[in-house]
Amino acid sequence: MNTDILEYRRKLKKKLSETRYEHSLSVAFTSVCLAMRYGYPLDKAEVAGLLHDCAKCYADSEFIHKCEKHGIFLSEDEKKAPAVLHAKYGAWMAREKYGIHDEEILSAIACHTTGKPDMGLLDKILYVADYIEVRRDKADNLAEMRRLAFIDIDEAVYQIVKGTLAYLNAKGSPIDTMTKNTFDDLEERRRKKHE
Ligand code: DGI
Ligand code: FE
Ligand code: FE
């Protein structure tokens, strides 16, 4: 048994609110299920899921200062969309505070909010697990995404990014270039696959 995971859990539980900790556990378990389905190492999926929101112990307004303090580069539109910053800062915390050095885990945490072009399997697993985990109840396409996730993960990622962009546009929220780039990359791949 990987005892590190128990240590990560103890530490995380002290840092996060009860509901955020429950969400993190749930994302870990959902990531493991998707890893079983798509043939990815279960232990890495579990750690990525557990720690993906480890920076959510801070308010969005704190991240710009924290990133500057630790020399983490932020683009201008990242600064305008602070909701995305806990992912980048979370990857930094996973490395520095939890001792995670696996680049696939760090990548998945860093891009779990916006996605990124050319996502790897763990990036996709975490992105989808974060959206479909059992405690989520807001999005109206949850039932369909929960089904699709286990049939075609690429299509699930595409649909979730598309829905997120529509939701942000409707709210008038600033869109991070990375979210847009993720969508363009996925559309291009989808077009090639279907032609
Ligand atoms: O941290 P969680 O709540 O578990 O989920 P998350 O990290 O996926 O964050 C979800 C929120 O991030 C959701 O309300 C959509 C928002 N988001 C994703 N891409 C962008 C964005 N918000 C802005 N402003 N701009 C983006 O590009
Ligand atoms: Fe998050
Ligand atoms: Fe999350």
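Let me check I've understood the local charge: for LYS80, count other residues with C-beta under 12 angstrom from its C-beta, Lys and Arg +1, Asp and Glu -1. What total comes out? Don't jump to the answer; show the numbers that get you there.
Working: positive: LYS79; negative: ASP60, GLU76, ASP77, GLU78, ASP176.
Residues near LYS80 contribute -4 overall.
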Q | Extension gain from GLU68 to TYR38, taking 0.36 nm per residue of separation minus the Cα-Cα distance | A | 7.0 nm
Q) Which trypsin sites (Lys or Arg not before Pro) in segment 121-195 pass both tests, a DSSP loop state and at most 13 other beta-carbon atoms within 10 Å? A) ARG135, LYS138
Q.
Let me spell out the model: positive unit charges on the Cβ of Lys and Arg, negative unit charges on the Cβ of Asp and Glu, origin at the Cα centre of the chain. What dipole size does that give, in debye rounded to 20?
A. 480
**Q.** Filter on LYS11/LYS97; LYS124/LYS180; LYS44/LYS66; LYS171/LYS192; LYS124/LYS193 - keep pairs with C-alpha separation over 21 Å
**A.** LYS44/LYS66; LYS171/LYS192
Q. What Rg and what Dmax come out for the chain when only alpha-carbon atoms are used, in angstroms?
A. 16.0, 51
Q. How would you rank PHE63, PHE73, PHE150, PHE183, going from fewest to most other Cβ atoms within 10 Å of each one's own Cβ?
A. PHE73, PHE150, PHE183, PHE63
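Readers should treat all values here as calculations from the given coordinates under stated rules, not as data from a laboratory. What you are looking at is a predicted structure, and each value in this text was computed from that prediction instead of being measured. Reconstructed Cβ throughout: ideal geometry from the backbone, glycine too, with neighbour counts over all protein chains shown.
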